[in-house]
1. Using the Cα centre as the reference, give the magnitude of the dipole from point charges on the C-beta atoms of the chain (Lys, Arg: +1; Asp, Glu: -1; all else neutral), rounded to the nearest 20 debye.
2. Please quote Rg/Rh for segment 69-206 to two decimal places, taking the Kirkwood radius as Rh and restricting both calculations to Cα atoms.
3. Springs between alpha-carbon pairs under 10 angstrom, Gaussian network model over the chain: which of Ala258, Ala290, Ala23 fluctuates most?
4. In this model, which of Lys222/Lys249; Lys337/Lys405; Lys105/Lys249; Lys235/Lys264; Lys235/Lys345 are farther than 20 Å apart at the alpha-carbon?
5. Build a GNM of the chain with springs between Cα atoms under 10 Å: which of Thr106, Thr72, Thr85 gets the top mean-square fluctuation?
6. Most exposed first by the Cβ proxy, i.e. fewest other Cβ within 10 Å, how do Asp308, Asp231, Asp110 rank?
7. Output needed for segment 145-351: three equivalent-ellipsoid semi-axes, defined as square roots of 5 times the C-alpha gyration tensor eigenvalues, in descending order, whole Å.
8. So which aspartates and glutamates pass the test for Lys321, namely a Cα distance under 20 Å, with those fewer than 8 places away in the same chain ruled out?
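Values quoted throughout were computed directly from the atomic coordinates according to the rules given, and no laboratory measurement underlies them. Predicted, not measured: the structure shown is a model, and the values here were computed from it. Positions of Cβ are backbone-derived with ideal geometry, glycine not excepted, and every protein chain shown enters the neighbour counts.
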Amino acid sequence: MSSQREFDIIIWGASGFTGRLVAEYIFNKYGVNKTVKWAMAGRNTTKLEKVRAEMADESVPLIIADSQDMATLDAMCQRATVICTTVGPYAKYGNKLVEACIKNKTHYCDLAGEVQWMRRMIDQHQDAAVAAGAKIVHTCGFDSIPSDMGVYFMQREIRKQTGKPATSINMRVKAMKGGMSGGTYASMSVMKEEAAKDKSIYKVLTNPYSLNPEGERSGPDKKDLAKVVYDEVSKSWIIPFIMAGINTKVVRRSNALANYPYGKDFLYDEAMMTGDGFGGRIKGFSTAAALGVVMMAKPGSLLKKGVDAMLPEPGEGPNKKERENGFYNLLFFANLKDGSTVTGKVTGDRDPGYGSTSKMLAESAICLALDELPDMAGMLTPATAMGDALLDRLQENAGLTFTYKG
Ligand SMILES: NC(=O)c1ccc[n+]([C@@H]2O[C@H](COP(=O)([O-])OP(=O)(O)OC[C@H]3O[C@@H](n4cnc5c(N)ncnc54)[C@H](OP(=O)(O)O)[C@@H]3O)[C@@H](O)[C@H]2O)c1
């Protein structure tokens with residue numbers, strides 16, 4: 001399927017930490033104006049020119065669009081099949097772009113992990129996005145592609161083998177190495193500030209089904225793990241996984257949007273392994289305590305100011321060596337209807353948040369622009385919007401592996 005518009009993809013936010021990585025990945029892998037027609041966009045010409053100069057290729061087109069200026073967003077959306085945005089926090093800068101994409105029948109992908117904002121976007125735009133035929137896809141980074149596509153992959157393989165989906169899947173983070181950017185930390189802070197001001201947001205963040213369509217926001221899954229426990233499934237101590245609150249909701253939305261191919265009673269959870277025995281237990285409590293300090297620090301408190309001072313500013317994040325030395329290894333334990341268990345694995349070859357995320361987002365954008373996709377429109381998830389086509393791209397190009405062990 002070839003696109004009719006001037007560009008297949010516009011990367012909006014290309015001057016930011018993650019947007020620049022997305023642009024560099026596309027530049028290095030696909031060149032300029034060859035199989036993928038693309039441009040970089042942002043609010044500041046000088047910053048975009050600097051990113052382009054570092055690529056040593058002056059032919060990448062630059063576009064100026066500001067999050068508060070609808071006319072510039074409309075003009076940008078009209079020129080592309082897909083807008084790929086890293087302009088975040090999304091709850092602060094993302095509203096008008098989603099509206100502009102739908103208005104102009106432009107597909108969209110982002111790295112949002114802000115559940116409260118995604119809930120608002122779904123409520124405001126689902127009907128219009130369906131009517132426009134636009135595919136609006138949040139969470140196309142580490143949250144939530146490995147989880148959403150991992151479950152999609154496992155269920156596909158299990159159905160091929162047994163004819164029926166697994167009744168439950170437990171995802172366990174066996175290992176991962178990487179850092180955080182200022183932009184991601186800013187997005188987490190915005191989410192906490194909103195939840196502190198409006199208690200209804202707290203409900204959205206804690207309801208396991210809060211991203212499901214209206215009338216389908218309850219089910220058998222409980223809230224995410226909130227303590228350190230020994231896990232018989234993985235034979236390891238496990239602790240809360242910081243991304244579980246986003247990923248599990250996206251997996252459940254995928255199931256609901258696709259009319260429950262995993263079953264209405266499907267159970268899904270995520271946690272992080274810290275190892276077996278006394279060492280695993282100690283590591284579990286110490287990691288959970290450090291995580292607790294970051295997550296529990298109240299907006300405006302001294303503790304929050306102290307945490308802010310230790311973490312990166314917007315525009316900063318892990319350096320090249322840290323990104324290249326990073327990786328992740330996620331295990332999937334699936335229970336089948338006959339009581340047996342099968343396992344699978346998803347791995348990534350760079351740090352989860354940036355090296356791998358930038359490749360996943362870029363391939364999602366290309367997939368939305370160029371691939372043959374399921375006939376669905378609206379506020380979708382990676383699995384429902386792109387399914388097998390994205391699975392192939394992630395493995396062929398983005399350094400992910402999906403393994404079914406049976
Ligand atoms: N889900 C995941 O796995 C994942 C991973 C990484 C990042 N993220 C998310 O991605 C987002 C970006 O993170 P980051 O670290 O790349 O942040 P960043 O370095 O702060 O970049 C933000 C970008 O937004 C642009 N921007 C800010 N205000 C704007 C406006 N009014 N109009 C147009 N552009 C504007 C900035 O432009 P200037 O350069 O002109 O300031 C910059 O290009 C965050 O929301 C983060 O949470 C998610």
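1. Numbers: 51 positive and 46 negative charges, 164 e Å.
Here the chain has a charge dipole of around 780 debye.
2. On the way: Rg = 17.4 Å, Rh = 17.0 Å.
Taking Rh as the inverse mean 1/r over Cα pairs, Rg/Rh reads 1.02.
3. Ala290
4. Values: Lys222/Lys249 11 Å; Lys337/Lys405 17 Å; Lys105/Lys249 26 Å; Lys235/Lys264 28 Å; Lys235/Lys345 16 Å.
Over 20 Å apart, Cα to Cα: Lys105/Lys249; Lys235/Lys264.
5. Looking only at Thr106, Thr72, Thr85, the biggest GNM fluctuation is shown by Thr72.
6. Values: Asp308 14, Asp231 19, Asp110 29.
Least crowded to most crowded, the residues run Asp308, Asp231, Asp110.
7. On the way: eigenvalues 177, 93, 56 Å².
Computed over segment 145-351, the values are 30, 22, 17 Å.
8. Glu24, Glu54, Glu313, Asp349, Asp351
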